[in-house]
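Novice: The structure's right below; bear with me while I get my questions together.
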Amino acid sequence: MNIADIEKIRTLFPILHQEVNGHPLVYFDNAATTQKPISVIEALDKYYRFDNANIHRAAHTLAARSTEMFEDTRKTIQSFINAKEAEECIFTKGVTESINLVAQTWARKFVQAGDEIIITTMEHHSNIVPWQMICEEKSAILRVIPINDSGELLMDEFDKLLNPKTKLVACVWVSNALGTINPVKEIIQKAHAVGAKVLLDGAQACSHLKVDVQDLDCDFLCVSSHKLYGPTGVGVLYGKRQLLEMMPPYQGGGEMIKEVSFEKTTYNEIPYKFEAGTPNIGDVIAFKKALDFVNEIGKDFIAHHENSLLAYFNELLLSEELKAVKPIGTAKEKVSVQSFVIEGMHHFDIGMMLDARGIAVRTGHHCTQPLMNRFSLEGTVRASFAIYNTLDEVKKLTDSLIRICKLR
Ligand code: PLP
């Protein structure tokens with residue numbers, strides 16, 4: 001693929017073709033949520049125009065149709081992450097719910113007083129707070145792997161933290177604030193060697209990297225549709241069958257049961273045991289189109305293009321006029337996410353000035369307050385690049401930053 005291909009890809013995203021504050025929109029807030037291709041938007045529209053019906057429980061044609069499409073997404077995500085079985089993929093609201101599901105079922109059942117759970121310094125709050133809650137409830141201990149100044153895990157320190165009391169390592173695969181790609185395969189092997197399970201927060205990783213849960217051998221992987229060109233309100237929890245079968249249900253209600261009487265209720269098979277109530281049917285169905293979009297372009301091409309955007313940005317930042325811009329997160333292995341600060345300026349003011357020129361970036365702590373504390377920062381400006389971004393847009397960002405630096 002080349003520039004012409006990126007231009008073609010851009011035509012698939014209607015939202016990109018608008019002006020914001022009198023300038024063409026430059027959308028660099030992809031780590032917060034990606035934009036949606038027309039195929040996803042049309043799938044949602046089609047679902048509500050022609051197919052809307054509740055799934056799994058009715059004899060009529062519309063219900064059969066929507067059930068088939070819903071389960072088709074499950075098969076697509078199974079092959080996207082290379083799970084052994086579609087039943088190992090549970091639909092949730094997003095990564096936050098996927099993590100809470102594991103904390104409230106697996107951890108509540110298997111974590112005992114004095115057990116240890118290991119996370120990293122660079123976790124999103126959604127992979128910190130659920131474990132703090134369970135540790136408090138169970139009198140278990142939360143341990144944290146430190147990082148170096150580039151934003152890389154100190155693996156020697158991880159080795160020291162691991163011990164037979166470690167029950168779980170819950171680790172972000174790719175940091176949303178720094179872009180760091182963590183060595184998850186090594187983490188999984190080491191954790192398994194002491195008998196611990198591993199949960200990967202794949203919120204950021206799944207849109208940039210190839211995912212193969214069987215090769216990784218992770219016990220749980222959490223996926224978010226809206227970071228992967230799909231609708232909001234949909235996520236996936238992958239878990240190994242054996243673990244999911246041992247876990248109690250998350251919520252009680254319709255669909256998750258086999259039989260209910262006032263004396264006793266028996267539970268459904270996986271994945272339905274964890275899918276109580278009417279799910280987000282339309283958005284799950286549209287999520288398939290997002291996965292098809294990524295599959296069609298291919299992760300190799302996506303990585304190649306996004307890495308060239310990141311490299312170009314960092315090259316431009318080396319210019320004398322931008323020497324006040326300090327990149328935060330300079331790991332050797334990273335995706336196309338670049339946080340930075342400008343000496344003497346508040347990140348929020350920088351974000352506002354960029355917005356005035358049509359450039360959307362994220363500012364603040366990125367739901368990683370302990371990580372910001374590690375760098376003695378209140379927040380950063382974060383530019384995160386996706387497949388539809390261009391080198392020209394990156395240049396617009398650095399041109400605007402040059403103007404902003406002159407105001408210091
Ligand atoms: N984990 C990471 C690394 C994230 O970047 C995010 C979202 O920003 C989440 C978890 C939460 O994901 P969701 O919005 O799907 O709940």
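Novice: Going through the cross-link list Lys109/Lys167; Lys227/Lys326; Lys138/Lys185; Lys109/Lys197; Lys210/Lys332; Lys197/Lys289, which pairs have a Cα-Cα distance over 21 Å in this structure?
Specialist: Pairs exceeding 21 Å: Lys227/Lys326; Lys138/Lys185; Lys197/Lys289.
Novice: How would you rank 34-41, 150-157, highest first, on the average number of other Cβ atoms within 10 Å across their residues?
Specialist: 34-41, 150-157
Novice: Would you work out the charge dipole size for the stretch 41-295 about its Cα centre, treating the Cβ of every Lys and Arg as +1 and the Cβ of every Asp and Glu as -1, and quote it to the nearest 20 debye?
Specialist: So the magnitude is around 340 debye.
Novice: Same structure again: Over 10 Å intervals from 0, what percent of Cα-Cα pairs in the stretch 41-295 sits in each interval?
Specialist: Reading upward from the zero bin: 7, 31, 34, 20, 7, 1.
Novice: List the residues whose amide H sits under 5 Å from the amide H of Asp115, counting only those 5 or more places along or on another chain, with H placed 1.01 Å from N in the peptide plane.
Specialist: Under 5 Å from the amide H of Asp115: Ile141.
Novice: Which residue, Lys332, Lys299, Lys138, has the most motion in a Gaussian network model of the chain that connects Cα atoms within less than 10 Å?
Specialist: The residue that fluctuates most here is Lys332.
Novice: Rounded to the nearest percent, how much of the accessible area of the stretch 41-295 (1.4 Å probe, protein heavy atoms only) is carbon and sulfur?
Specialist: 51 percent
Novice: Shifting gears a bit: Going by average Cβ density within 10 Å per residue, which order do the peptides 120-128, 95-103 take, highest to lowest?
Specialist: The most tightly packed comes first, giving 95-103, 120-128.
Novice: Further question on the same structure: Between the stretch 72-91 and the stretch 195-256, how far is it from one alpha carbon centroid to the other, in angstrom?
Specialist: 10 Å
Novice: Counting only C-alpha contacts under 8 Å and six or more residues apart, can you give the relative contact order of the chain as a whole percent?
Specialist: This gives 23 percent for the chain.
Novice: Measuring with a 1.4 Å probe in the full set of protein chains, what accessible area per residue, in whole Å², belongs to the chain?
Specialist: 43 Å²
Novice: Once phi is turned into ³J(HN,Hα) by the Karplus curve 6.51 cos²θ - 1.76 cosθ + 1.60 with θ = phi - 60°, what whole-Hz value does each residue of the stretch 351-361 show in order, with x for glycine and proline?
Specialist: x, 5, 5, 5, 4, 4, 9, x, 9, 9, 10
The values are calculated or read from the model by the stated rules, or taken from the named source; none is laboratory data. Please read these numbers as outputs of a predicted model, since none were measured by experiment. Cβ sites come from the backbone with ideal geometry, for glycine too, and all protein chains shown count toward neighbours. Remember, those area values only see protein heavy atoms, side chains included, never the ligands or the DNA or RNA. Shrake-Rupley method; radii C 1.70, N 1.55, O 1.52, S 1.80 Å.
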